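Below: one structure, written as structure tokens.
The values are calculated or read from the model by the stated rules, or taken from the named source; none is laboratory data. None of these values were measured; they are calculated from a predicted model. Ideal geometry is used to build each Cβ from the backbone, glycine not excepted, and the neighbour counts take in all protein chains shown.
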Amino acid sequence: MNEKNMINLLFVDDEEKFLKSVSKRLELKNFDVTTAVTGEEAITAAEKKLFDVAILDLQLPGIDGAGLLKILKEKHKYLEIIMLTGHGSVNSAVECTKLGAFDYLEKPFDFEKLINAIKEAYKARLQKKFEHSAKQTEEIQKLSMCESPFDILKELARLDNEEK
């Protein structure tokens, strides 16, 4: 979350009127929303800011939603992604799930269902980060019992690099 305790959302859709309308409604629900109309814009935004949850349209010009999902998950291991589509199919839902999508919603969707999906995705993100932090803490405790201070620092640097 950002300094105002808001969930940071990346919302990507090439339908600009839809994107503006839904993002304004999300902002009224106290989400911090960054928008993009292409996959390339989304990648640039994700390089500049840490997002908690991304909402991606499946049908995008250039890099499609599934391709963008794959790129974002590779670069941001705790980012949870909700896919939106007006052209849903079982095959695309299965593909996106295999690539790591948290949820898959068809347009038109119930706005409250989207809000609930975002909140559940955020909870899943926090759970993953907590579990990973607990494992790191356990590794550090084990190291501190038998390693030299320099070896501990090297290991801490390695663990820190895994986070990036």
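Looking at residue 51 and the list (1) assigned to a loop (DSSP other than H, G, I, E, B); (2) closer than 18 Å to residue 17 by Cα; (3) modelled with pLDDT of 95 or more, which single condition is not satisfied?
In the conditions (1) assigned to a loop (DSSP other than H, G, I, E, B); (2) closer than 18 Å to residue 17 by Cα; (3) modelled with pLDDT of 95 or more, residue 51 misses (2) alone.
Looking only at segment 27-44, filter to residues that are without any contact (Cβ under 8 Å) to a residue 24 or more places away in the chain and under 20 Å from residue 113 (Cβ atoms); which one of those is surrounded by the most Cβ atoms within 10 Å (Cβ to Cβ)? Give the derivation first.
From segment 27-44, those without any contact (Cβ under 8 Å) to a residue 24 or more places away in the chain are 27-28, 40, 44; that's our starting set.
Narrowing the set further to residues that are under 20 Å from residue 113 (Cβ atoms) leaves 27-28.
Working: 27: 13, 28: 8.
Result: 27.
Could you list, in sequence order, the residues of segment 111-162 that are touching an Asp or Glu at 6+ places or on another chain (Cβ under 6 Å) and at pLDDT below 75? Walk me through how you get there before you give the answer.
Taking segment 111-162 first, the residues touching an Asp or Glu at 6+ places or on another chain (Cβ under 6 Å) are 117, 121-122, 124-125, 143.
Answer for segment 111-162, where residues must be touching an Asp or Glu at 6+ places or on another chain (Cβ under 6 Å) and at pLDDT below 75: just 143.
Quick one: residue 81 ticks every box in (1) among the β-branched types (Val, Ile, Thr); (2) surrounded by fewer than 18 Cβ atoms within 10 Å (Cβ to Cβ); (3) without any contact (Cβ under 8 Å) to a residue 60 or more places away in the chain except a single one, so which number is it?
Of everything listed in (1) among the β-branched types (Val, Ile, Thr); (2) surrounded by fewer than 18 Cβ atoms within 10 Å (Cβ to Cβ); (3) without any contact (Cβ under 8 Å) to a residue 60 or more places away in the chain, residue 81 misses just condition (2).
Within segment 12-21, is even one residue among the charged types (D, E, K, R), in the same structural domain as residue 64 (by TED's automatic domain parsing), buried (at least 20 other Cβ atoms within 10 Å of the Cβ) and touching a residue at least 12 places away in the same chain (Cβ under 8 Å)?
Here is the first cut: in segment 12-21, the residues among the charged types (D, E, K, R) are 13-17, 20.
In the following step, the residues that additionally are in the same structural domain as residue 64 (by TED's automatic domain parsing) were identified as 13-17, 20.
Next, from what is left, pick out any that are buried (at least 20 other Cβ atoms within 10 Å of the Cβ): 13.
Next cut, touching a residue at least 12 places away in the same chain (Cβ under 8 Å) only: 13.
Scanning segment 12-21 turns up at least one residue that is among the charged types (D, E, K, R), in the same structural domain as residue 64 (by TED's automatic domain parsing), buried (at least 20 other Cβ atoms within 10 Å of the Cβ) and touching a residue at least 12 places away in the same chain (Cβ under 8 Å).
Residues are listed down the side, and each one gets a yes or a no for (1) closer than 13 Å to residue 12 by Cβ; (2) polar (S, T, N, Q); (3) touching a helix residue (DSSP H, G or I) at 6+ places or on another chain (Cβ under 9 Å):
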residue: 30; (1), (2), (3): no, yes, no
residue: 36; (1), (2), (3): yes, no, yes
residue: 51; (1), (2), (3): yes, no, yes
residue: 61; (1), (2), (3): yes, no, yes
residue: 73; (1), (2), (3): no, no, no
residue: 83; (1), (2), (3): yes, no, yes
residue: 119; (1), (2), (3): no, no, no
residue: 122; (1), (2), (3): no, no, no
residue: 129; (1), (2), (3): no, no, no
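Quick one: count up the residues across segment 6-46 that are among the polar types (S, T, N, Q), within 18 Å of residue 111 (Cα to Cα) and assigned to a loop (DSSP other than H, G, I, E, B).
Residues that pass the stated criteria total 1.
Can you report the number of residues in segment 18-42 which are closer than 18 Å to residue 87 by Cβ and of a type outside the set (Val, Ile, Thr)? Show your work before the answer.
The first filter runs over segment 18-42 and keeps only residues closer than 18 Å to residue 87 by Cβ, leaving 18-19, 22, 37-39.
So of that shortlist, the ones also of a type outside the set (Val, Ile, Thr) come out as 18-19, 39.
Counting residues in segment 18-42 that are closer than 18 Å to residue 87 by Cβ and of a type outside the set (Val, Ile, Thr) gives 3.
I'm trying to understand the selection: among the residues of segment 68-112, which are assigned to a helix (DSSP H, G or I) and among the hydroxyl-bearing types (Ser, Thr, Tyr)? Write out each step before concluding.
Within segment 68-112, the first condition is being assigned to a helix (DSSP H, G or I), and the residues that meet it are 68-75, 90-98, 111-112.
Within segment 68-112, 92, 97 qualify.
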